[in-house]
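Notes to accompany the following structure.
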Amino acid sequence: MLALLLAGCGSGESRSAATRSATSSATASTSTSRSLRSHPGGEALPTKAQALSYIRAVNLRLSDLPAGYEVEPRKEEHEGPAEKALSHQFLRCLVGGAGQGVGGAHSKENIAKGDANYQRKGRSLAAMHVGSSVSVVPSAAVAVQEMQLLNRGQASACFGEFMRRVFGRAAPKLHIGKVTASTVAPSGKGSFGLKLVAQIHYNGVKIPFYFGMYGFASGRAEVMLTIFSMFAPMPAEAVHRLYALLQQRAAANSL
């Protein structure tokens with residue numbers, strides 16, 4: 001984590017544990033009661049091959065980003081007991097009393113899931129990471145219900161507290177100052193937006209950290225865009241362009 005936050009002062013680790021954990025936890029939070037809902041009777045589900053083809057068609061590509069970006073190297077991930085406990089706290093905060101069914105249902109019932117992650121080249125302090133993920137779930141109704149969980153009133157407060165705890169565990173030598181989390185007006189049914197700004201203090205240096213997570217449902221698909229950076233956020237028009245591009249691709253392809 002420290003290597004990422006102070007890119008160029010440490011190793012070339014590709015993506016922060018905090019951001020990976022936040023993204024996966026936000027996705028997992030949508031599993032609240034899926035195990036209690038029946039699948040649409042008689043409706044044929046797409047095969048895994050069809051779902052993966054759709055995912056490849058929708059996800060961001062390197063050519064979608066400005067010059068100076070590269071594909072992030074993939075790393076094996078392992079979520080230990082402490083990380084799982086933090087994720088579970090986030091889910092319970094997010095879904096409240098409905099959280100009793102939260103657990104592993106989401107990962108088990110995805111037909112397929114895939115992501116694409118990119119980083120700005122070099123190891124300068126002005127790190128910028130952009131990623132998208134697409135999950136294909138059993139029905140369009142499930143996709144809308146799940147994504148709307150992240151558009152609930154308490155989502156920003158839950159997200160801000162979760163990120164503070166993750167940062168504290170991943171990089172105990174850092175002092176996490178003010179954390180401001182807010183929601184972004186959704187662009188349609190089954191959509192959400194969360195933004196976070198944190199002040200990170202390290203050896204007397206203040207480092208502003210920006211994180212944005214935006215998502216929407218399109219048919220059986222749950223599509224998410226994540227962006228995080230230091231010192232300066234990605235310009236709003238660039239975020240809007242990438243989000244609109246994902247929406248266009250999701251609408252142009254069907255399952």
Filter region 211-255 for residues that are closer than 14 Å to L65 by Cβ and hydrophobic (A, V, I, L, M, F, W, C); the one that is surrounded by the most Cβ atoms within 10 Å (Cβ to Cβ) is L246
Might you let me know whether region 175-189 holds any residue that is in contact with a strand residue (DSSP E or B) (Cβ under 9 Å, 6 or more places away or on another chain), at pLDDT below 80, over 29 Å from G122 (Cβ atoms) and surrounded by 14 or more Cβ atoms within 10 Å (Cβ to Cβ)?
-> yes
Residues located in region 118-153, provided they are of a type in the set (G, A, S), surrounded by fewer than 23 Cβ atoms within 10 Å (Cβ to Cβ) and outside any strand (DSSP E or B) | G122, S124, A126, A127, S139, A140, A141, G153
Flag for L194 being hydrophobic (A, V, I, L, M, F, W, C) and either under 15 Å from V134 (Cα atoms) or in contact with an Asp or Glu (Cβ under 7 Å, 6 or more places away or on another chain) (or both) = no
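The values are calculated or read from the model by the stated rules, or taken from the named source; none is laboratory data. Not measured: the values here are computed from a predicted model. Note that we place each Cβ from the backbone using ideal geometry, even for glycine, and neighbour counts take in every protein chain shown.
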